[in-house]
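Heads up, the thing below is written out as structure tokens.
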Amino acid sequence: MAVRLILGLLMTVVCLGIAGRRLFFLVQLGKRFQPLADRQLDTSEAVKAEVSEVAGQRKLLRWTVPGIAHFFVFWGFMVLLFTIVEAFFGLVKADFQIPVLGNYAWFGFFEDLFALLCVAALVVFTILRIQQAPKNLGRKSRFFGSHIGPAWFVLFMIFNVVWTLLAYRGASINAQELHDPANADKMGFLHGAFASQWFASILPKTNLEVWETVFLLLSLAVLLGFTVFVTYSKHMHIFASIPNVAYARRPRALGALEPVYWAGKKIDFEDPGDDDVMGVGKVEDFTWKGLLDFATCTECGRCQSQCPAWNTDKPLSPKVLIMGLRDHALAKAPYIMAAKGEDGEVVTAGLAATAIAEAERPLVGPEGDENASVGEHGIHGTGAIPFDMLWSCTTCGACVEQCPVDIEHVDHIVDMRRYQVLMEGAFPEEAGIMLNNVEHAGDPWGLGRTKRLEWAEELDFEIRVYEGEKIPDDIDYLYWVGCAGALDDTAKKTARAVATLLHEAGVEFMVLGEAESCTGDPARRMGHEFLFQMLAMQNVEVLNEAGAKRIVVTCAHCYNTLANEYPQVGGHYEVVHHTTLLARLVAEKKLTPIQRVDAAVTYHDPCYLGRHNRIFAAPREVLGAVPGARVQEMPRNRERSFCCGAGGARMWMDENLGTRINQNRADEALATTPDIVAAACPFCITMLSDGVAQRQQEGSAAGVQVTDVAEVLLRSVRPDLVDAAAEATA
Ligand code: SF4
Ligand code: SF4
């Protein structure tokens, strides 16, 4: 007993000391990062999230096979905690058993069952990792870019933890039962421990206590060694995911972007402080939650597998980006932690050259960096994050949606863009035209306010236009037409369809006309927070002066900005997307679809309507109400919808790298052999129309139309208008 106690305690102290030192270091590093402003821990929400996401493995279970396998590894480990407690107490008391539970054979059975389920899950993981290995699938593998060797080592170590614990219990059965049969009854749980019993049956029946000591120390050595490894590897998520989930943005890090903070305070863009840093220019400009995100990434690649940029061969994988930020933060850590001299500069004497070199490396590399690459072995280049990696993001949120540990990729990407745009003036040149137009003309095309009512000229009824007075009480909705609805020829048709349907349903509405301007969405997603704030405050002033309460919008981006972001600048309205309102009007029989529209209709979920705002049902209800319309789905739909390529201000940037995102999505839609591809956002419609038109030029997809959900409904509610339009075109 003395030997096992001394060796066991020695191992425990050494290993827990090393692991604790590492955790202490990471906590100290986190303290050098920015504070997490305006996000307090909401205990009840945090508990719910822990129950659902950590204990229930909710997000992991969306992927059935690996999800179930992970569920059993997680719960196998939870149950194994009892056996681990038994092992530690076994150092001092050979016949130790867990109080109360340890009396029962079923408890031993339960422990061994979960241990074996854990091993079965490891077999599943092994098969998946072989099938989906990057060497077999290349970039299509979700493990491409992950640390493959350490992942295999972890599977091996978990297996070792399980079998050594069972072997120790087997040796313990022999030692206790054979030594003194009365002990067997005291440790009742061992009767049901069928796997441990099997180990007992194959172990030698001599030197019983020696075998017990050997396996006890072996199991503890494996467990403690694994613990040390975990704190230095991607399996840090075992510890980090719990606080990361607790402090995550709720209900999810989608929808609104957060304001820009510096030193824990929201930056006042009308009067910024001299020392305010706008956005993230150095890795330590992220908040400590950012660092926790980086440490929590499991490298599972779920985000990467759904990312439109990655799936079209661009140099952006959200997983590799997070791993790159983690690697950079850890490599730079000695510099970040180093003391500062009286001049406020970091004292570099005694620092490793690698840390100094990493500190000198820019967070975001320069445009056109020939050294930049994102490959199987991570990121290379002048900057920790290559320029093209940062600007390939459409902010579609597929990564955030998939991430099982609530990492906030979009926020981090936009924070880095903010610094690039506001502090460095570095962004894709062509996007500057859009920013200039938005700033000076109030719309991305630079067409100007005077054209904002032309869309309504073809209507066969008068629309009411805001002229500076309060919105009258009989107005049900202010109709926010949006830049596209007012100025883009295709989107104007949607604007007219929505106006006509509202008129048909007897809904009184008014438009702002020349008083409306861009919501600022593309500027904000690009990182130009200053311009966004300017536009948002201007629009909110108009809306508040007009006394707007209920607003209907036809653009998914306008919807997101008005509903989720304008409250940040004092604009609080009840905002409804046109598909939600139309679905309600149909349900209330204020709109009656009468004409059959015999067509296969494939619906595309716009990211900013679906994933960002959870509006999945309404557009489908509208289409489903149209007689004859056969609504069909693409393989990637609802939460897993694939971006059209327009979000994140990508609409206004060249797409020179890889293949085209809109073509990828259009081809997926065309594979369903539709007559109509329907969407509920003007930017999606533009992108999908271009993709379908490309295939039509090549001789396929004949007759396929791309249109808004509202226009499909209009064909059924007012077929006369569609016929008249067709005649006019002929
Ligand atoms: S937001 Fe979309 S495009 Fe950007 S990294 Fe995530 S999945 Fe990729
Ligand atoms: S960011 Fe999330 S989804 Fe992506 S690899 Fe890491 S843990 Fe997995």
Gyration tensor (Cα) of region 593-729, equivalent ellipsoid semi-axes in angstrom: 25, 18, 14
Can you classify the chain as rounded, prolate or oblate using the Cα gyration tensor, where a ≥ b ≥ c are the square roots of its eigenvalues, rounded means a/c under 1.5, and otherwise it's prolate if a/b beats b/c and oblate if not? prolate
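What pairs from LYS289/LYS340; LYS31/LYS234; LYS48/LYS549 go past 30 Å between their alpha carbons?
Pairs exceeding 30 Å: LYS48/LYS549.
When only C-alpha pairs under 8 Å and at least 6 residues apart count, what is the relative contact order of region 1-158, in percent?
Relative CO of region 1-158 lands at 20 percent.
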Only Cα pairs under 8 Å and at least 6 apart count here; give the relative contact order of region 261-424 as a rounded whole percent. 29 percent
Evaluate the distance, in nm, between pseudo-label points positioned 7 Å from the Cα of ASN136 and of SER44 along their respective Cα→Cβ axes. 4.8 nm
How much length would be gained if the chain were fully extended between THR348 and ASP473, taking 0.36 nm per residue of separation minus their Cα-Cα distance, in nm to one decimal? 38.2 nm
In whole Å and largest first, what semi-axes does the C-alpha gyration tensor of region 439-585 yield when each eigenvalue is scaled by 5 and square-rooted? 22, 17, 14
Using helices alone, what [θ] at 222 nm do you get for the chain, with -39,500 (n - 2.57) per DSSP H run of 4 or more residues, divided over all residues and rounded to the nearest 500? -15500 deg cm²/dmol
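Pick out the long, greasy-scoring helices in the chain: whole DSSP H runs spanning 30 Å or more along their own axis by Cα, mean Kyte-Doolittle at least -0.5.
Helices meeting the criterion: 2-31, 64-90, 105-131, 148-173, 208-231.
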For region 60-152 the mean separation of alpha carbon contacts under 8 Å (6+ apart) over residue count, i.e. relative contact order in percent, is 31 percent
How would you classify region 1-125 from its alpha-carbon gyration tensor, with a ≥ b ≥ c the square roots of the eigenvalues: rounded for a/c under 1.5, else prolate if a/b is greater than b/c, otherwise oblate? oblate
Suppose all protein chains stay in the model; what accessible area per residue would a 1.4 Å probe give for the chain, in Å²? 41 Å²
Once you place label points 7 Å from the Cα toward the Cβ at ALA693 and PHE24, how far apart are they in nm? 6.5 nm
Carbon and sulfur together cover what percent of the accessible area of the chain at a 1.4 Å probe radius? 58 percent
Taking the highest mean first, how do the peptides 365-371, 161-167 order by number of other beta carbon atoms within 10 angstrom per residue? 161-167, 365-371
Relative to the present Cα-Cα distance, how much length would full extension add between PHE89 and ALA671 at 0.36 nm per residue of separation? 203.3 nm
For region 452-493, with equal point scatterers placed on the C-alpha atoms only and solvent neglected, what are the log10 I(q)/I(0) values from the Debye formula at q = 0.34 1/Å, to two decimals? -1.23
Roughly speaking, what is the stretch gain from GLU574 to SER700, that is 0.36 nm per residue apart minus the C-alpha to C-alpha distance, in nm to one decimal? 41.0 nm
Most to least accessible of TYR168, TYR247 (protein chains only, probe 1.4 Å): TYR247, TYR168
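The values are calculated or read from the model by the stated rules, or taken from the named source; none is laboratory data. All figures in this text were calculated on a predicted structure; none of them were measured in a lab. With ideal geometry, Cβ positions are generated from the backbone for all residues, glycine too; neighbour counts draw on all protein chains shown. Ligands, DNA and RNA are excluded from the accessible area calculation, which covers all protein heavy atoms including side chains. Shrake-Rupley method; radii C 1.70, N 1.55, O 1.52, S 1.80 Å.
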